[in-house]
Amino acid sequence: MTAAPAAPAAPATPAAAIPALPPTTAAVPRRRKRRDYVGIALWISLAISSLLWALPFVFMFLTSVKSKKDISQRPTWYLPTEWMWSNYTDAIETGNLWGTGTNSLIISVIKVPLGLFLAALAAYAIARIRFKRYKLALGLFAAGAMVPIQIGLGPLFSTMLSLNLLDTRWGLLLPYLAFGIPYQMFMLYGFFRAIPDELEESAQLDGAGRFRQFWQICLPLAKPALAALFILDFVATWNEYAMATTLLQSKTNWTIPVAVQGFSGQHSTSYGPLNAFIIMSAVPVLIVYLMFQRYFVQGAFAGAIKG
Amino acid sequence: MSVVATAPPGQTRTRRRQPRRFAQAIPYLLPAAILYGWFLLYPIIDSVRLSFQEWNGFRNSPRQWVGLDNYKRLFTADPVFWKAATNSLIWVVLSLAVPMILSLLLALALNRKMRGRNLFRSIFYIPAVFASITVAAMWSWIYNPNFGALNQTLEAIGLGSLKHSWLGEPKIAFYAIFVASIWQGVGFNMVLFLAGLQQVPNDLVEAAKIDGASAWQRFWVVVMPALRPTTVVVIILTIINSLKVFDLIVGMTAGGPAQSSQVLALWSYTQSFSNHTFGQGGATATVLLIMSLCLVVPYLAWSMKGDEK
């Protein structure tokens, strides 16, 4: 806790202070010292609140490795008397983790890149081709991002019923693609819009067609936005529950969130395996998060979010 | 609805006046437009149509027109609808107050350089990558009246009198779910605010400091105006996400006890898929649609006006 706050300009730690501290007036160091107290207080309160924030994860993990007896007889925050790693294998079996995980993975791996590509095509058309009434098209698309999906669930069910796609992978994939497009289109539109015309004009002079302008100029320039949208969409697709539970019926077609709900409904008293199942169900999104973490944590997201 | 209604004339006029540009745009626009129109726009419009009909959800049974019957029943004979509508609005208001301010404070604090900054940011953000249905299961466990961490902690620190059956009491359940949503939602808004803070002109902040402005004054005069676009985005996303709340409630109480934690999105779903009254569900969904559009259209207008500058 000693070197807690490293306030931006203040070389508070002795090591940093030694090299070249310019001989400034007496007033300046005093001001710096005062700012450090604020920094320390801030740091301590942040540390406490982040501990609080992490507690649910701690409880979840501790429960996931405890026996039934431990759970019912000892407080939650105690370490287990015996580490029940078998909870994890139990959960994999009773929750059919591999089956549902495969379903979720297939859907996410197809949906996310394809959906992003289609949204980018549409955003390109609206932002760069600039036909008349492009604003109407933009508004129509964007409106879809603002409406709660549950509004369309009943008719969506009826549509899939009449298309014979209820309880199939395609039947979930198609609406997933549709529901991702508006938001992504809206974000990418802002990005493509900001590309200077000269870039495209010079490409045109070089004989590049529309699609090459899109593929070789606009898409690479939108990379940060695409990366941010990729992770957001992957997380959203992996976690989607409302549509999946409406459109999927047989257990073999379930995706991970439906399985989590099914598991907690059926095995609501086997807390150990339930928590193990929850932890394992989140592994893929955690991996994706860690891969793209810098976009979120270090503010590199800035450009991707258009004000 | 007006947006939807004006679409066809606009497009035909475009085709007549500028055939080449629009023809060029078509192949790029078409795949997204078909998917969007068929599986999002159409279901939403159909929901409105369904609200004037009766249907039990089976393939062979026809939809029958019943006029305004569904709405009549909804407004006069369905106390759950009013509970759900009130709860949805309470959720919107609470979300705009508590988690939004919390995430702004976190972003301001974590925008400073400090030791462990990235770790702090990660801890606050990670709940946002968990599925809501998963978060519901986690918090149901924490709220468990006998073995849950919350009651056990209260007991251990001598506050046993505060113990509750958190999800079993009609007066508490709804707010207990809301606490879980704060835990899950603060991180994402924090990231948005952090992104917005990168756009605050640093030299302006420095200049204000030299001019002797206090931290409070700097915040209101320099930081807040620069943060305005981000704030609008966060507000709109918060409103939409509040009206969408579904997974958390399904997973924790399924709307109970005694429908005390019911919200519009879930009530519409329950009427359609549990009670097999798709018309009633459609009417509830239409009310939700109107609520959302009332909040969204001003935003769309605002963001497009900004585009012209």
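The values are calculated or read from the model by the stated rules, or taken from the named source; none is laboratory data. Since this is a predicted model, take the numbers as computed values, not measurements. Cβ sites come from the backbone with ideal geometry, for glycine too, and all protein chains shown count toward neighbours. When the accessible area is computed, the model is the full protein with side chains, heavy atoms only, and any ligands, DNA or RNA have been set aside. Shrake-Rupley method; radii C 1.70, N 1.55, O 1.52, S 1.80 Å.
What to note about this one:
- With all protein chains kept in place, the per residue accessible area of region B:69-308 amounts to 41 square angstrom at a probe of 1.4 angstrom.
- Highest-first packing order for the peptide set A:227-239, B:275-287 is B:275-287, A:227-239, based on the mean count of other beta carbon atoms within 10 Å.
- In Hz, Karplus ³J(HN,Hα) per residue of region B:55-67 (6.51, -1.76, 1.60; θ = phi - 60°; x = Gly, Pro): 8, 9, x, 9, 4, 8, 8, x, 8, 10, 6, 10, x
- Think of each Lys and Arg Cβ as +1 and each Asp and Glu Cβ as -1; about the Cα centre, that makes the dipole of the protein assembly as shown roughly 1460 debye.
- Cβ-derived FRET efficiency at R0 51 Å, B:Ser274 paired with A:Ile44, nearest 0.05: 0.55
- The distance linking region A:129-143 with region A:189-236 is 18 Å (Cα centroid to Cα centroid, whole angstrom).
- Inter-chain Cβ neighbour average for residues B:135-147, partner chain, 10 Å: 5
- The Cα atoms of chain B give a gyration tensor whose axes a ≥ b ≥ c have a/c of 1.5 or more with a/b no greater than b/c, which makes the shape oblate.
- Working note: Karplus 6.51/-1.76/1.60 with θ = phi - 60° gives region A:156-171 the couplings 4, 4, 5, 4, 5, 4, 6, 8, 6, 10, 5, 6, 10, 5, 4, x Hz, where Gly and Pro are set to x.
- Against the criterion of solvent-accessible heavy-atom surface with a 1.4 angstrom probe, A:Asp167, B:Asp46 sort, most first, into A:Asp167, B:Asp46.
- Residues whose amide H comes within less than 5 Å of that of B:Gln53, counting only those at least five positions distant or on another chain, are B:Val66 (H built at 1.01 Å from N in the peptide plane).
- Think of the protein assembly as shown as having a plus end and a minus end, set by charges on the Cβ of Lys, Arg, Asp and Glu; of A:Pro175, B:Leu108, B:Ser181, B:Leu108 sits farthest toward the positive end of this dipole.
- The sum of -39500 (n - 2.57) across all DSSP H runs of n ≥ 4, divided by the residue count of the protein assembly as shown, sets its helix-only mean residue ellipticity at 222 nm to -21500 deg cm²/dmol.
- Residues A:Glu93 and B:Ala258, FRET efficiency given R0 of 30 Å [Cβ-Cβ distance, rounded to 0.05]: 0.25
- Subset of A:Lys251/B:Lys83; A:Lys111/A:Lys251; B:Lys83/B:Lys244; B:Lys171/B:Lys244 violating a 24 Å alpha-carbon distance limit: A:Lys251/B:Lys83
- Label-to-label distance for A:Asp167 and A:Asp206 is 5.4 nm, based on points extended 7 Å past Cα in the beta-carbon direction.
- Contact with the other protein chains removes 50 Å² or more of accessible area, compared with the isolated chain and a 1.4 Å probe, from these residues of region B:257-283: B:Tyr269, B:Phe273.
- If you take the Cα centroid of region B:148-189 and the Cα centroid of region B:28-107, the two points sit 29 Å apart.
- Classified by the C-alpha gyration tensor, region B:206-252 has a prolate form. Its axis ratio a/c, with a ≥ b ≥ c, is 1.5 or above, and a/b is larger than b/c.
- Rough spin-label spacing in nm, given labels placed 7 Å along Cα→Cβ, for B:Asp203 and A:Leu221: 2.5
- Note, ³J(HN,Hα) from phi for region B:263-269, Karplus 6.51, -1.76, 1.60, rounded to Hz, x at Gly and Pro: 10, 4, 4, 6, 5, 4, 5
- Shape category assigned to the protein assembly as shown from the gyration tensor of Cα positions, a/c cut at 1.5: oblate
- Relative contact order of chain B, pairs being alpha-carbon contacts under 8 Å that are 6 or more residues apart, as %: 27
- Surface composition of the protein assembly as shown: carbon plus sulfur atoms hold 65% of the accessible area, using a 1.4 angstrom probe and ignoring ligands, DNA and RNA.
- Buried area at the A-B interface (accessible, heavy atoms, 1.4 Å probe, summed, Å²): 9600
- Under 11 Å from the B:Ile290 label point (7 Å along Cα→beta-carbon), backbone N, region B:55-75: B:71-72, B:75
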